[in-house]
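Participant: Next up is a structure, given as C-alpha coordinates.
The values are calculated or read from the model by the stated rules, or taken from the named source; none is laboratory data. Since we're looking at a predicted model, the values are computed, not measured. With ideal geometry, Cβ positions are generated from the backbone for all residues, glycine too; neighbour counts draw on all protein chains shown. Heavy atoms of the whole protein, side chains included, go into the accessibility calculation; ligands, DNA and RNA do not. Shrake-Rupley method; radii C 1.70, N 1.55, O 1.52, S 1.80 Å.
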Amino acid sequence: MSTTSTQPATAAPGSASERRRRGIRVGPQVYLVGVFVAVAVVGSLASPYFLTMRNIENIVVAASVVAVLGVAQFFVVVTRGIDLSVGSIAALATVIAAVLLRQGHGVWFTIVVTLVSCAFCGLVNGVLVVYARITPFVATLAMMSIARGVAFIVQVGTLIVISNQEFLQLFGGRSAGVPNVVLIALAVTLIAAFAMKFSPLGRRLYALGGNPEAARLSGLPVNRDTVMAYVTSGLLAGLAGLMLAGRLSQGSSLVGQGYELDSIAATVVGGTSLFGGTGDPVSTVLGALVIGMIGNIMNLMGIQSEPQLVIRGIVILLAVFLTSGRGIQRIRAGLGTLLRRTGRHTPPAPPETDPPSAEPTDAPTPRT
(Lines give C-alpha, C1' and ligand atoms only; values in the text may rest on other atoms or scores of the structure.)
Protein backbone atom coordinates (compact mmCIF):
# COMPACT_ATOMS: atom_id res chain seq x y z
CA MET A 1 0.00 0.00 0.00
CA SER A 2 1.56 3.26 -1.12
CA THR A 3 1.29 6.55 0.79
CA THR A 4 1.53 10.03 -0.63
CA SER A 5 2.84 13.11 1.16
CA THR A 6 0.26 15.76 1.97
CA GLN A 7 2.67 18.49 3.19
CA PRO A 8 1.64 21.95 1.98
CA ALA A 9 3.85 23.46 -0.68
CA THR A 10 5.77 26.55 0.41
CA ALA A 11 6.58 29.40 -1.91
CA ALA A 12 10.17 29.97 -2.82
CA PRO A 13 11.77 33.01 -1.21
CA GLY A 14 12.00 34.83 -4.51
CA SER A 15 8.69 33.70 -5.98
CA ALA A 16 5.90 36.06 -6.96
CA SER A 17 3.58 34.71 -4.27
CA GLU A 18 6.19 35.34 -1.60
CA ARG A 19 6.73 38.90 -2.86
CA ARG A 20 2.98 39.48 -2.79
CA ARG A 21 2.78 38.11 0.74
CA ARG A 22 5.54 40.36 2.01
CA GLY A 23 4.55 43.38 -0.06
CA ILE A 24 6.64 45.51 -2.35
CA ARG A 25 9.34 47.30 -0.40
CA VAL A 26 9.83 50.87 -1.52
CA GLY A 27 13.47 51.87 -1.28
CA PRO A 28 14.71 55.36 -0.38
CA GLN A 29 15.75 56.05 -3.99
CA VAL A 30 12.22 55.36 -5.24
CA TYR A 31 10.57 57.75 -2.82
CA LEU A 32 13.34 60.32 -3.41
CA VAL A 33 12.59 60.42 -7.13
CA GLY A 34 8.91 60.81 -6.30
CA VAL A 35 9.65 63.68 -3.92
CA PHE A 36 11.89 65.30 -6.53
CA VAL A 37 9.14 65.19 -9.16
CA ALA A 38 6.49 66.37 -6.70
CA VAL A 39 8.59 69.36 -5.62
CA ALA A 40 9.26 70.26 -9.27
CA VAL A 41 5.52 70.15 -10.02
CA VAL A 42 4.74 72.32 -7.00
CA GLY A 43 7.44 74.79 -8.04
CA SER A 44 6.10 75.06 -11.58
CA LEU A 45 2.61 75.74 -10.21
CA ALA A 46 3.82 78.21 -7.61
CA SER A 47 5.78 80.47 -9.96
CA PRO A 48 6.09 80.83 -13.73
CA TYR A 49 9.80 81.57 -13.27
CA PHE A 50 10.63 78.26 -11.61
CA LEU A 51 11.33 76.27 -14.78
CA THR A 52 13.27 79.01 -16.56
CA MET A 53 16.88 78.19 -17.45
CA ARG A 54 18.23 81.03 -15.35
CA ASN A 55 16.36 79.87 -12.25
CA ILE A 56 17.34 76.23 -12.77
CA GLU A 57 20.98 77.30 -12.99
CA ASN A 58 20.59 79.28 -9.78
CA ILE A 59 19.17 76.21 -8.04
CA VAL A 60 21.99 73.94 -9.23
CA VAL A 61 24.73 76.45 -8.35
CA ALA A 62 23.30 77.09 -4.88
CA ALA A 63 22.80 73.37 -4.30
CA SER A 64 26.39 72.59 -5.26
CA VAL A 65 27.78 73.90 -1.98
CA VAL A 66 25.08 72.09 0.00
CA ALA A 67 25.81 68.94 -2.00
CA VAL A 68 29.50 68.99 -1.04
CA LEU A 69 28.58 69.64 2.59
CA GLY A 70 25.99 66.86 2.37
CA VAL A 71 28.63 64.40 1.15
CA ALA A 72 30.85 65.56 4.02
CA GLN A 73 28.00 64.91 6.43
CA PHE A 74 27.31 61.55 4.81
CA PHE A 75 30.75 60.16 5.67
CA VAL A 76 30.04 60.83 9.34
CA VAL A 77 26.36 59.87 9.45
CA VAL A 78 27.03 56.51 7.82
CA THR A 79 29.17 55.66 10.89
CA ARG A 80 26.31 56.61 13.26
CA GLY A 81 27.82 60.02 13.94
CA ILE A 82 26.93 63.61 13.14
CA ASP A 83 28.95 66.73 12.33
CA LEU A 84 27.48 70.06 13.39
CA SER A 85 30.64 71.97 12.55
CA VAL A 86 30.63 71.79 8.74
CA GLY A 87 29.11 75.26 8.29
CA SER A 88 31.56 76.91 10.69
CA ILE A 89 34.51 75.10 9.11
CA ALA A 90 33.35 76.35 5.70
CA ALA A 91 33.26 79.90 7.06
CA LEU A 92 36.75 79.44 8.51
CA ALA A 93 37.93 78.27 5.08
CA THR A 94 36.68 81.44 3.41
CA VAL A 95 38.56 83.61 5.92
CA ILE A 96 41.80 81.62 5.71
CA ALA A 97 41.76 81.74 1.91
CA ALA A 98 40.99 85.46 1.84
CA VAL A 99 43.79 86.29 4.30
CA LEU A 100 46.38 84.21 2.44
CA LEU A 101 45.42 85.71 -0.91
CA ARG A 102 45.56 89.21 0.54
CA GLN A 103 49.08 88.48 1.79
CA GLY A 104 50.13 87.64 -1.77
CA HIS A 105 50.39 83.85 -1.56
CA GLY A 106 49.70 81.72 -4.63
CA VAL A 107 46.34 80.18 -5.36
CA TRP A 108 47.39 76.55 -4.98
CA PHE A 109 49.35 77.26 -1.81
CA THR A 110 46.21 78.94 -0.46
CA ILE A 111 44.03 75.98 -1.41
CA VAL A 112 46.36 73.42 0.18
CA VAL A 113 46.79 75.35 3.43
CA THR A 114 43.04 75.96 3.70
CA LEU A 115 42.13 72.32 3.10
CA VAL A 116 44.79 71.06 5.53
CA SER A 117 43.53 73.47 8.21
CA CYS A 118 39.95 72.31 7.77
CA ALA A 119 41.00 68.66 7.73
CA PHE A 120 42.77 69.33 11.05
CA CYS A 121 39.45 70.55 12.48
CA GLY A 122 37.92 67.25 11.37
CA LEU A 123 40.83 65.39 12.96
CA VAL A 124 40.13 67.12 16.28
CA ASN A 125 36.49 66.08 16.00
CA GLY A 126 37.46 62.48 15.36
CA VAL A 127 39.94 62.37 18.24
CA LEU A 128 37.37 63.83 20.63
CA VAL A 129 34.78 61.27 19.56
CA VAL A 130 37.03 58.19 19.47
CA TYR A 131 39.61 58.71 22.18
CA ALA A 132 38.01 61.26 24.51
CA ARG A 133 34.72 59.34 24.31
CA ILE A 134 32.71 62.52 23.77
CA THR A 135 29.47 62.04 21.89
CA PRO A 136 29.59 63.30 18.28
CA PHE A 137 26.84 65.82 18.94
CA VAL A 138 28.74 67.52 21.79
CA ALA A 139 32.19 67.27 20.17
CA THR A 140 31.12 68.79 16.85
CA LEU A 141 28.93 71.37 18.59
CA ALA A 142 32.04 72.56 20.43
CA MET A 143 34.01 72.62 17.16
CA MET A 144 31.21 74.63 15.55
CA SER A 145 31.74 77.34 18.16
CA ILE A 146 35.54 77.10 18.07
CA ALA A 147 35.81 77.30 14.27
CA ARG A 148 33.41 80.24 14.10
CA GLY A 149 35.34 82.04 16.84
CA VAL A 150 38.70 81.44 15.14
CA ALA A 151 37.21 82.80 11.91
CA PHE A 152 36.20 85.99 13.74
CA ILE A 153 39.70 86.31 15.20
CA VAL A 154 41.49 85.74 11.88
CA GLN A 155 39.16 88.10 10.03
CA VAL A 156 39.96 91.03 12.37
CA GLY A 157 37.08 93.32 11.55
CA THR A 158 34.94 93.47 8.45
CA LEU A 159 34.83 90.93 5.66
CA ILE A 160 37.87 90.48 3.42
CA VAL A 161 37.38 91.09 -0.31
CA ILE A 162 39.07 88.60 -2.65
CA SER A 163 40.48 90.18 -5.81
CA ASN A 164 42.71 87.36 -7.08
CA GLN A 165 41.29 86.65 -10.53
CA GLU A 166 42.82 83.19 -10.82
CA PHE A 167 41.09 82.10 -7.61
CA LEU A 168 37.81 83.71 -8.63
CA GLN A 169 37.93 82.02 -12.02
CA LEU A 170 38.71 78.65 -10.46
CA PHE A 171 35.84 78.67 -7.97
CA GLY A 172 33.50 81.25 -9.44
CA GLY A 173 33.97 81.01 -13.19
CA ARG A 174 32.81 78.64 -15.91
CA SER A 175 34.28 75.84 -17.98
CA ALA A 176 32.59 74.99 -21.29
CA GLY A 177 29.60 77.05 -20.19
CA VAL A 178 29.12 75.10 -16.93
CA PRO A 179 29.76 76.80 -13.57
CA ASN A 180 32.92 75.41 -11.99
CA VAL A 181 31.21 74.88 -8.64
CA VAL A 182 28.82 72.46 -10.34
CA LEU A 183 31.72 70.56 -11.88
CA ILE A 184 33.48 70.42 -8.50
CA ALA A 185 30.34 69.09 -6.80
CA LEU A 186 29.91 66.50 -9.54
CA ALA A 187 33.52 65.36 -9.18
CA VAL A 188 33.18 65.08 -5.39
CA THR A 189 30.01 63.05 -5.79
CA LEU A 190 31.53 60.59 -8.25
CA ILE A 191 34.71 60.13 -6.22
CA ALA A 192 32.76 59.62 -3.01
CA ALA A 193 30.38 57.15 -4.65
CA PHE A 194 33.27 55.18 -6.11
CA ALA A 195 35.11 55.16 -2.78
CA MET A 196 32.08 54.00 -0.81
CA LYS A 197 31.26 51.20 -3.24
CA PHE A 198 34.65 49.86 -4.28
CA SER A 199 37.29 50.92 -1.77
CA PRO A 200 38.04 48.94 1.42
CA LEU A 201 37.47 52.09 3.49
CA GLY A 202 33.98 52.53 2.10
CA ARG A 203 33.02 48.92 2.87
CA ARG A 204 34.46 49.26 6.37
CA LEU A 205 32.47 52.44 7.00
CA TYR A 206 29.26 50.65 6.05
CA ALA A 207 30.17 47.77 8.34
CA LEU A 208 31.04 50.17 11.14
CA GLY A 209 27.73 51.97 10.86
CA GLY A 210 25.73 48.77 10.51
CA ASN A 211 27.12 47.09 13.64
CA PRO A 212 30.07 48.74 15.43
CA GLU A 213 30.58 45.88 17.88
CA ALA A 214 30.60 43.24 15.16
CA ALA A 215 33.06 45.36 13.15
CA ARG A 216 35.33 45.63 16.17
CA LEU A 217 35.17 41.91 16.88
CA SER A 218 35.96 41.23 13.22
CA GLY A 219 39.28 43.02 13.61
CA LEU A 220 38.40 46.11 11.57
CA PRO A 221 40.24 49.33 12.49
CA VAL A 222 37.14 50.95 13.93
CA ASN A 223 38.87 53.85 15.68
CA ARG A 224 41.02 54.74 12.70
CA ASP A 225 38.11 54.59 10.26
CA THR A 226 35.93 56.76 12.50
CA VAL A 227 38.66 59.41 12.72
CA MET A 228 39.11 59.20 8.95
CA ALA A 229 35.40 59.86 8.44
CA TYR A 230 35.60 63.08 10.45
CA VAL A 231 38.81 64.14 8.70
CA THR A 232 37.07 63.64 5.33
CA SER A 233 34.12 65.67 6.56
CA GLY A 234 36.38 68.55 7.58
CA LEU A 235 38.27 68.39 4.29
CA LEU A 236 35.09 68.56 2.21
CA ALA A 237 33.70 71.34 4.40
CA GLY A 238 36.88 73.30 3.62
CA LEU A 239 36.34 72.68 -0.10
CA ALA A 240 32.77 73.95 0.23
CA GLY A 241 34.19 77.05 1.93
CA LEU A 242 36.51 77.67 -1.01
CA MET A 243 33.53 77.36 -3.33
CA LEU A 244 31.66 79.93 -1.23
CA ALA A 245 34.65 82.27 -1.25
CA GLY A 246 34.87 82.06 -5.03
CA ARG A 247 31.16 82.69 -5.49
CA LEU A 248 30.96 85.58 -3.02
CA SER A 249 34.42 87.03 -3.77
CA GLN A 250 35.02 87.47 -0.08
CA GLY A 251 35.98 85.77 3.14
CA SER A 252 33.62 86.23 6.05
CA SER A 253 33.08 84.55 9.39
CA LEU A 254 29.34 85.07 8.96
CA VAL A 255 28.87 82.84 5.90
CA GLY A 256 27.81 79.23 6.29
CA GLN A 257 25.28 79.85 9.04
CA GLY A 258 22.52 77.27 8.81
CA TYR A 259 24.50 75.01 6.50
CA GLU A 260 24.70 72.44 9.29
CA LEU A 261 20.94 72.05 9.06
CA ASP A 262 21.03 71.98 5.26
CA SER A 263 23.73 69.29 5.14
CA ILE A 264 21.85 67.08 7.60
CA ALA A 265 18.64 67.64 5.68
CA ALA A 266 20.31 66.70 2.38
CA THR A 267 21.71 63.54 3.95
CA VAL A 268 18.51 62.26 5.51
CA VAL A 269 16.30 63.36 2.61
CA GLY A 270 18.69 61.37 0.41
CA GLY A 271 17.80 58.23 2.36
CA THR A 272 20.81 57.90 4.67
CA SER A 273 19.70 56.51 8.01
CA LEU A 274 20.80 58.35 11.14
CA PHE A 275 21.34 54.91 12.65
CA GLY A 276 24.21 54.38 10.19
CA GLY A 277 25.16 51.67 7.74
CA THR A 278 22.96 52.73 4.82
CA GLY A 279 22.82 55.39 2.12
CA ASP A 280 25.02 56.57 -0.73
CA PRO A 281 26.54 59.92 -1.80
CA VAL A 282 24.54 60.15 -5.03
CA SER A 283 21.23 60.06 -3.15
CA THR A 284 22.63 62.65 -0.75
CA VAL A 285 23.30 65.01 -3.66
CA LEU A 286 19.77 64.43 -4.94
CA GLY A 287 18.57 65.30 -1.46
CA ALA A 288 20.58 68.52 -1.65
CA LEU A 289 18.86 69.35 -4.93
CA VAL A 290 15.46 68.76 -3.31
CA ILE A 291 16.42 71.06 -0.43
CA GLY A 292 17.64 73.67 -2.91
CA MET A 293 14.42 73.46 -4.89
CA ILE A 294 12.31 73.87 -1.76
CA GLY A 295 14.32 76.93 -0.72
CA ASN A 296 14.06 78.40 -4.20
CA ILE A 297 10.30 77.92 -4.28
CA MET A 298 9.94 79.66 -0.92
CA ASN A 299 12.07 82.55 -2.18
CA LEU A 300 9.97 82.89 -5.32
CA MET A 301 6.83 82.91 -3.18
CA GLY A 302 8.27 85.65 -0.96
CA ILE A 303 8.40 83.59 2.22
CA GLN A 304 10.64 85.11 4.88
CA SER A 305 13.75 83.35 6.23
CA GLU A 306 12.21 82.49 9.62
CA PRO A 307 9.30 80.45 8.21
CA GLN A 308 11.79 78.80 5.85
CA LEU A 309 13.66 77.41 8.87
CA VAL A 310 10.40 75.95 10.18
CA ILE A 311 9.63 74.32 6.84
CA ARG A 312 13.14 72.87 6.57
CA GLY A 313 12.83 71.43 10.06
CA ILE A 314 9.56 69.76 9.09
CA VAL A 315 11.24 68.35 5.97
CA ILE A 316 13.99 66.83 8.13
CA LEU A 317 11.47 65.23 10.49
CA LEU A 318 9.48 63.80 7.60
CA ALA A 319 12.63 62.47 5.93
CA VAL A 320 13.85 60.80 9.12
CA PHE A 321 10.42 59.23 9.60
CA LEU A 322 10.44 57.84 6.07
CA THR A 323 13.99 56.48 6.21
CA SER A 324 15.28 55.82 9.71
CA GLY A 325 11.86 55.33 11.26
CA ARG A 326 10.59 52.81 8.65
CA GLY A 327 7.79 55.24 7.95
CA ILE A 328 6.94 53.78 4.54
CA GLN A 329 6.29 50.36 6.05
CA ARG A 330 4.26 51.90 8.88
CA ILE A 331 2.13 53.92 6.48
CA ARG A 332 1.47 50.82 4.37
CA ALA A 333 0.54 48.79 7.44
CA GLY A 334 -1.76 51.55 8.67
CA LEU A 335 -3.52 51.82 5.33
CA GLY A 336 -3.99 48.06 5.24
CA THR A 337 -5.54 48.11 8.71
CA LEU A 338 -7.83 50.99 7.73
CA LEU A 339 -9.01 49.19 4.60
CA ARG A 340 -9.74 46.04 6.56
CA ARG A 341 -11.78 47.98 9.10
CA THR A 342 -13.83 49.76 6.44
CA GLY A 343 -14.56 46.46 4.68
CA ARG A 344 -12.90 47.38 1.42
CA HIS A 345 -10.92 44.20 1.30
CA THR A 346 -12.52 41.48 -0.77
CA PRO A 347 -13.95 38.83 1.58
CA PRO A 348 -12.44 35.41 1.20
CA ALA A 349 -14.29 33.03 -1.09
CA PRO A 350 -16.35 30.37 0.74
CA PRO A 351 -14.89 26.87 0.66
CA GLU A 352 -16.08 24.72 -2.19
CA THR A 353 -18.44 21.85 -1.23
CA ASP A 354 -18.80 18.62 -3.13
CA PRO A 355 -22.15 18.13 -4.92
CA PRO A 356 -24.52 15.64 -3.31
CA SER A 357 -23.81 12.09 -4.39
CA ALA A 358 -26.49 10.18 -6.34
CA GLU A 359 -25.57 6.89 -4.66
CA PRO A 360 -27.39 5.87 -1.48
CA THR A 361 -25.47 6.68 1.67
CA ASP A 362 -25.86 3.14 3.01
CA ALA A 363 -24.18 1.50 0.04
CA PRO A 364 -21.53 -1.05 1.10
CA THR A 365 -17.92 -0.01 0.70
CA PRO A 366 -16.13 -2.23 -1.83
CA ARG A 367 -13.17 -4.17 -0.47
CA THR A 368 -9.77 -4.15 -2.14
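Participant: Run the numbers for A187 and V37: contour at 0.36 nm per residue of separation, minus the present Cα-Cα distance, in nm.
Facilitator: Working it through step by step, the gained length comes to 51.6 nm.
Participant: Roughly how many percent of the accessible protein surface of the range 157-283 is carbon and sulfur, given a 1.4 Å probe and a whole-percent answer?
Facilitator: Solvent-exposed carbon and sulfur of the range 157-283 make up 66 percent of the total.
Participant: Which value in nm describes the separation of the simple spin-label points at T158 and V178, placed 7 Å from the Cα toward the beta carbon?
Facilitator: 3.8 nm
Participant: Write down Rg/Rh for the range 211-293, rounded to two decimals, with Rg from the C-alpha atoms and Rh from the Kirkwood relation over Cα pairs.
Facilitator: Across the range 211-293, the Cα-based Rg/Rh ratio is 1.06.
Participant: Once fully extended, how much extra length lies between M301 and R332, figured as 0.36 nm per residue of separation less the alpha-carbon to alpha-carbon distance?
Facilitator: Between M301 and R332, full extension yields an extra 7.8 nm.
Participant: Which value, in Å², gives the accessible area per residue of the range 94-212 when a 1.4 Å probe is used on the protein heavy atoms?
Facilitator: Ligands and nucleic acids excluded, the result is 52 Å² per residue.
Participant: Computed on alpha carbon atoms, what radius of gyration and Dmax characterise the range 30-175, expressed in Å?
Facilitator: Looking at the range 30-175, its Cα Rg and Dmax stand at 18.7, 54 Å.
Participant: Could you order the peptides 126-138, 49-61, 90-102 from most to least packed, using the average number of other C-beta atoms within 10 Å per residue?
Facilitator: Most protected by this proxy first, the peptides run 90-102, 126-138, 49-61.
Participant: Residue separation times 0.36 nm, minus the C-alpha to C-alpha distance between F194 and A214: what's the value?
Facilitator: So the chain would gain 4.7 nm between F194 and A214.
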